[in-house]
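See structure below.
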Amino acid sequence: MDKITIKDLEVNTHIGVTVAEREHLQRLLITVEMERDLAEAGRTDMESATTPYDVVTDLVRQVCTGRQRKLIEAVADEIADAILSRRLAVAVTVVVKKFSVPHSQYVSVEIRRTQ
């Protein structure tokens, strides 16, 4: 299956298990890999035959900033659901990176969902 990838989209949001953690904006990096047939888009060079990147980027930002969450797992799941429910892909993999674990580069969650 063909793939479209948006890698490390930066979003600032209120997230964390504790109230104190949620009080401050935290930086997340989000990667979205969408699987769909891109043959027609390649043949015809028509925008309507692909997934519009700006729509997905806006959708990811809306999910992340729409409400506070405790877990990056919830963020990843809601992003995947939003993409699949709008039929922007037949399968999606979402990686969410958070920079809150001391002495580590980041903590991340990766999920894959299909229609």
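FYI, it's all coordinate maths here, none of it is from the lab. Predicted, not measured: the structure shown is a model, and the values here were computed from it. Virtual Cβ from ideal backbone geometry, glycine too; neighbours counted across all protein chains shown.
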Next item on the list: Tell me the label-point distance for the pair Thr114, His24, using the 7 Å Cα-to-Cβ offset, in nm and rounded to one decimal.
Entry: 4.2
Next item on the list: Taking the dipole about the Cα centre of the stretch 23-115, with the C-beta of Lys and Arg at +1 and of Asp and Glu at -1, give me whichever of Ala39, Cys64, Ala82 is farthest to the positive side.
Entry: Cys64
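Over the chain, what is the mean sequence separation of C-alpha contacts under 8 Å (at least six apart), divided by residue count, expressed as relative contact order in percent?
27
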Next item on the list: Distance between Cα centroids, the stretch 46-85 to the stretch 1-38: provide it in whole Å.
Entry: 8
Notebook entry, point to check: So what J values fall out for the stretch 88-102 if you push phi through Karplus, 6.51 cos²θ - 1.76 cosθ + 1.60 with θ = phi - 60°, rounded to Hz, Gly and Pro as x?
Noted result: 7, 7, 8, 8, 9, 10, 10, 10, 10, 10, 10, 10, 10, 8, x
Note to self: Through the Karplus equation 6.51 cos²θ - 1.76 cosθ + 1.60, θ set to phi - 60°, convert the phi angles of the stretch 66-77 into ³J(HN,Hα) values in whole Hz; use x for Gly and Pro.
What the structure shows: x, 7, 6, 9, 8, 10, 5, 4, 5, 4, 4, 5
Next item on the list: Apply 1/(1 + (r/R0)^6) to the Cβ-Cβ distance of Asn12 and Asp45, taking R0 = 25 Å, and write down the FRET efficiency to the nearest 0.05.
Entry: 0.10
Note to self: Given the -39500 (n - 2.57) contribution per DSSP H run of 4+ residues, what per-residue ellipticity at 222 nm results for the chain, rounded to the nearest 500 deg cm²/dmol?
What the structure shows: -9500 deg cm²/dmol
Item checked: Loop-resident sites, the stretch 57-115, for trypsin sites (Lys or Arg not before Pro), counting at most 12 other Cβ within 10 Å (DSSP) -> Arg67, Arg86, Arg87
Item checked: Semi-axis lengths, Å, the stretch 60-115, gyration tensor of Cα atoms, sqrt of 5 times eigenvalues -> 23, 13, 7
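Rounded to the nearest 20 Debye, what is the dipole magnitude of the chain about its Cα centre when Lys and Arg each give +1 and Asp and Glu each give -1 at the C-beta?
360
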Note to self: Averaging the inverse of every distinct alpha carbon separation and then flipping it gives the Kirkwood radius. What is it for the chain, in angstrom units?
What the structure shows: 14.7
